[in-house]
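Please read the structure below before turning to the comments.
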């Protein structure tokens, strides 16, 4: 995950959906709905990875150059790795604040 953060230029810490929902509850948010989107996101990430290392690769190299294209290919490869090993579990959380 640290390597993926480095590739992405991210500087924040990740939190589980459950912990984030609990935190919102501490700030009086109610009616929270959580959905694990890992499987959907995993499929999309794999599809994007296959496209950027395959059919889109030549066009990306034309537009971005070799170095940036290789960066994006590696970035998407690592995205697949962190999702597959459970380090990144995308989700959706909806909550409301009482009027």
**Prompt:** Could you list, in sequence order, the residues of region 13-55 that are modelled with pLDDT of 95 or more, touching a helix residue (DSSP H, G or I) at 6+ places or on another chain (Cβ under 9 Å) and assigned to a loop (DSSP other than H, G, I, E, B)?
**Reply:** none
**Request:** Using the structure shown, decide if residue 61 is farther than 22 Å from residue 3 by Cβ, touching a helix residue (DSSP H, G or I) at 6+ places or on another chain (Cβ under 6 Å), part of a helix (DSSP H, G or I) and free of Cβ contacts under 8 Å to residues at least 60 places away in the same chain.
**Result:** yes
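Of all residues in region 65-99, which are assigned to a loop (DSSP other than H, G, I, E, B), at pLDDT 85 or above, on the phi < 0 side of the Ramachandran plot and out of contact with any strand residue (DSSP E or B) (no Cβ under 7 Å at 6 or more places or on another chain)? Steps first, answer last, please.
Quick first cut of region 65-99, residues assigned to a loop (DSSP other than H, G, I, E, B) only: 65, 85-90, 97-99.
Filter once more, keeping what is at pLDDT 85 or above: 65, 85-90.
Remaining after also requiring on the phi < 0 side of the Ramachandran plot: 85, 87-90.
Once the filter is applied, which keeps residues that are assigned to a loop (DSSP other than H, G, I, E, B), at pLDDT 85 or above, on the phi < 0 side of the Ramachandran plot and out of contact with any strand residue (DSSP E or B) (no Cβ under 7 Å at 6 or more places or on another chain), region 65-99 yields 85, 87, 88, 90.
The values are calculated or read from the model by the stated rules, or taken from the named source; none is laboratory data. Every value quoted in this text rests on a predicted model; they were computed, and no experiment measured them. Neighbour counts run over all protein chains shown; Cβ positions are idealised from the backbone, glycine included.
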